[in-house]
Amino acid sequence: LLSVACFVSCRKITNDPDIKQYDQQQIQGYIAANGLTGMVRDTTMGDTTGTYYQIINQGKGAQVDYPSAIFYVYTIRTFDGKYAVTDTAVNHSYGVLGHVVPNGLMLAIKNNLKYRGGKMRVLVPSHLAYGKNGAGTGSITLTNGRIGGNQCLDITVNLIDDQAAYDQLVIKNYMAANNL
């Protein structure tokens, strides 16, 4: 009788969502709360990563794949609004596509953006972002340098086709903004 009572008391009586379901709820809520239209769920190869994306500009450059070296600029915002990095002069990266972090961004570039010169907005679920631990420095209360755990991300990425032309444009814009 005691064994039966122990087994019955240990049964799960609630239906708590797993992380993918939780992320899906967060993304759907974010899309609705921010009035986003044109977001498409990534269903590459019949499966879904859980990301949603919108192609802003379909690139006309070469197609990228995992061994490709890419140059890109980006902005990142957490859904809770506590972390935002929007300075694309600082937020740029050059490296191999297979090493792009977070994983959700790497998959979105390969599966959805695909071509140099393209630009897209992607909503990355937390399990493909920085997971339960988050990233950066700071504490739970000091979040300006930290992406909290289980935070979905709103990322805009521009895959640069011609880095020299982009660098000249950035310099020209800086000079104009600073009356140089």
Exercise. Out of curiosity, is Tyr74 open to solvent by 60 Å² or more (accessible area, probe 1.4 Å) and closer than 18 Å to Arg116 by Cα?
Worked result: no
Exercise. Taking the range 31-51 only, how many residues are open to solvent by less than 50 Å² (accessible area, probe 1.4 Å) and of a type in the set (Lys, Arg)?
Worked result: 0
For this session: Could you list all residues from the range 83-113 that are surrounded by fewer than 17 Cβ atoms within 10 Å (Cβ to Cβ) and either touching a residue at least 24 places away in the same chain (Cβ under 8 Å) or among the acidic types (Asp, Glu) (or both)?
Result: Asp87, Thr88, Ala89, Tyr94, Gly95, Val96, Gly98, Asn103, Asn111
Seminar exercise, completed: Only one of Gly50, Gly81, Gly38 is in contact with an Asp or Glu (Cβ under 7 Å, 6 or more places away or on another chain) and either among the aromatic types (Phe, Trp, Tyr) or assigned to a loop (DSSP other than H, G, I, E, B) (or both), namely Gly50
For this session: Say whether the condition of being assigned to a loop (DSSP other than H, G, I, E, B), open to solvent by 50 Å² or more (accessible area, probe 1.4 Å) and modelled with pLDDT of 95 or more is met by at least one residue in the range 12-26.
Result: no
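The values are calculated or read from the model by the stated rules, or taken from the named source; none is laboratory data. In this text the structure is predicted, and so the values were computed from the model without any measurement. FYI the Cβ positions are ideal-geometry reconstructions off the backbone, even for glycines, and counts take in every protein chain you see. Surface accessibility is based on the protein's heavy atoms, side chains included, excluding ligands, DNA and RNA. Shrake-Rupley method; radii C 1.70, N 1.55, O 1.52, S 1.80 Å.
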